[in-house]
């Protein structure tokens, strides 16, 4: 099954959707490997027409290449790098459907290499561990591996969980970070302005870990964290960054733990990003 309305041929597409059904480093709840297909199923729930733009999503050309064949950390790295490199070199925007957050390490690395862009993560967790459960390529190490490639060209938004060591590393390295409470107190627009000062003129890789959203709205994630952002706030961040976003992933949906709510929200946010980029 393809993502709804992703009916164009690859050569005619501006956006390319790819599923990465991998959750091999899951540490609390697994199931993110099931998410790409469940998100695709959910995507058929929505109207093609967007009243705010007076436009149809069917006016845009995008495709879905299906799922990568991944089983281990090593072949996930290889396959994600390969597809991200091809899509970016062909002048198209990749949208990766995770899968766990570790997939971002590989696609963001290729993005930095080819685009020298800026990285933004919407996430409940710092993910700044150097290693977790004997691997440096765990979902808990994403931001640490990204930092090694991007340095100061990154920002973490929605944070509300991390170890003492991670917070110390965050402060020592001066990584731009905005907690969920910062978003609530300052507002989305102020955070967007602050990040855009850092990323000015750069292409953006946007990574959306669905656990950044409060568990009352998105219960089906691998590492749910209370006191999160609401869907409207995430939608506003997507709107704020959409014009600069040149690569996107959505990760950590675990369909085993809800009745489809999180997959529905994920599918809608992806559709909203596509529309915002071209009509917003």
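The values are calculated or read from the model by the stated rules, or taken from the named source; none is laboratory data. Owing to the predicted nature of the structure, the values given are computational and were not obtained by experimental measurement. All Cβ positions, even for glycine, are placed from backbone atoms using ideal geometry, and neighbour counts span all protein chains on display.
Yes/no matrix, rows are residues, columns are (1) farther than 16 Å from residue 126 by Cβ; (2) at pLDDT 95 or above; (3) surrounded by fewer than 24 Cβ atoms within 10 Å (Cβ to Cβ):
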| position | (1), (2), (3) |
| --- | --- |
| 212 | no, yes, no |
| 220 | yes, yes, no |
| 223 | no, no, yes |
| 239 | yes, yes, yes |
| 243 | yes, yes, yes |
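If a residue must be in contact with a strand residue (DSSP E or B) (Cβ under 7 Å, 6 or more places away or on another chain), part of a strand (DSSP E or B) and either touching a residue at least 24 places away in the same chain (Cβ under 8 Å) or surrounded by 15 or more Cβ atoms within 10 Å (Cβ to Cβ) (or both), how many such residues does the range 49-83 contain?
6
Which of the residues that make up the range 132-151 are modelled with pLDDT under 95 and more than 16 Å from residue 100 (Cα to Cα)?
The answer is 134, and nothing else.
Each row is one residue, and each column tells you yes or no for (1) touching a helix residue (DSSP H, G or I) at 6+ places or on another chain (Cβ under 6 Å); (2) over 28 Å from residue 4 (Cβ atoms).
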{"site": "51", "(1), (2)": "no, no"}
{"site": "65", "(1), (2)": "no, no"}
{"site": "69", "(1), (2)": "no, no"}
{"site": "83", "(1), (2)": "no, no"}
{"site": "86", "(1), (2)": "no, no"}
{"site": "90", "(1), (2)": "no, no"}
{"site": "94", "(1), (2)": "yes, no"}
{"site": "127", "(1), (2)": "yes, yes"}
{"site": "131", "(1), (2)": "no, yes"}
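Could you count how many residues in the range 97-142 are touching a strand residue (DSSP E or B) at 6+ places or on another chain (Cβ under 9 Å) and either part of a loop (DSSP other than H, G, I, E, B) or closer than 15 Å to residue 204 by Cα (or both)?
Total meeting the criteria: 23.
Residue-wise test of (1) within 30 Å of residue 91 (Cβ to Cβ); (2) touching a residue at least 60 places away in the same chain (Cβ under 8 Å); (3) within 17 Å of the chain's Cα centre (by Cα).
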site	(1), (2), (3)
118	yes, yes, yes
129	no, no, no
146	yes, no, yes
154	yes, no, yes
157	yes, yes, yes
185	no, no, no
200	yes, no, no
210	yes, no, yes
